[in-house]
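The values are calculated or read from the model by the stated rules, or taken from the named source; none is laboratory data. Computed from a predicted model, the values in this text were never measured in an experiment. Note: ideal-geometry Cβ built from the backbone for every residue, glycine included; neighbour counts use all protein chains shown.
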Amino acid sequence: MNWFDRFFERRSRGVAHNTSRRSAITRVGKLVVGTAFALPVLPFDRIGRAQAAEPKGGKAPDKRNDDTACEYWRYCALDGFLCTCCGGTISACPPGTEVSKVTWVGTCHNPFDGKDYLISYNDCCGATTCNRCGCNSNERERPGYRMGVHNDINWCMANSSNTYHCTVAAIVGIGD
Ligand code: ABN
């Protein structure tokens, strides 16, 4: 063994002699806990997440103008499944279904032109419940014992098939 090996052997043995296994574990533990406390305060780049929440180049689309969303302005008193999600349109029943002979009407404010509209919420009948885009908005609704002003009713009651599928929201009048 040359002087170089002997030197390092002595040094290593000295370190091993003066350092217990427990103190080594303590030092590793301190390092881990210290890292856990230090990391959360480090600055993170959250720009990516903010961009994902908001579409490129502007604000999120206004749901009050989306006839497949419960927030659409005409649905202010609609309780049922949206026909726009079930193969129909805002005012036409999906193929294979029939518009209800009786209906209930509500008044909704259009935020885009500032006017109030009378909306007819006809149910579409004759096919099993669509079960997509279920909405429950109840502006100016009244309790069930006043049937004409209650929206939680199957308006297919007067049709040849009473099976409820979805609900449309047609404009039938405009406020002064
Ligand atoms: N007018 C929608 C509806 C249908 C069946 C039961 C409750 C509400």
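Brief remarks follow.
- Candidates in region 107-137 are the residues that are among the aliphatic types (A, V, I, L, M) and within 19 Å of residue 165 (Cβ to Cβ); of these, the one that is modelled with the highest pLDDT is 127.
- Within region 78-98, if we keep just the residues that are surrounded by 21 or more Cβ atoms within 10 Å (Cβ to Cβ) and among the small types (Gly, Ala, Ser), the residue that is nearest to residue 153 (Cα to Cα) turns out to be 80.
- Residue check for residue 89: assigned to a loop (DSSP other than H, G, I, E, B), in contact (Cβ under 8 Å) with a residue 40 or more places away in the chain and within 11 Å of the ligand (Cβ to nearest atom): no
- Checked across region 138-154, the condition of being among the aliphatic types (A, V, I, L, M), more than 12 Å from the ligand (Cβ to nearest atom) and either at pLDDT 95 or above or not in a strand (DSSP E or B) (or both) holds for at least one residue.
- Any hit, region 163-175, residues being part of a loop (DSSP other than H, G, I, E, B), within 15 Å of the ligand (Cβ to nearest atom) and more than 23 Å from residue 62 (Cβ to Cβ): yes
- When 97, 107, 129 are screened for being of a type outside the set (Asp, Glu), in contact with a strand residue (DSSP E or B) (Cβ under 8 Å, 6 or more places away or on another chain), within 12 Å of the ligand (Cβ to nearest atom) and at negative phi, only 129 passes.
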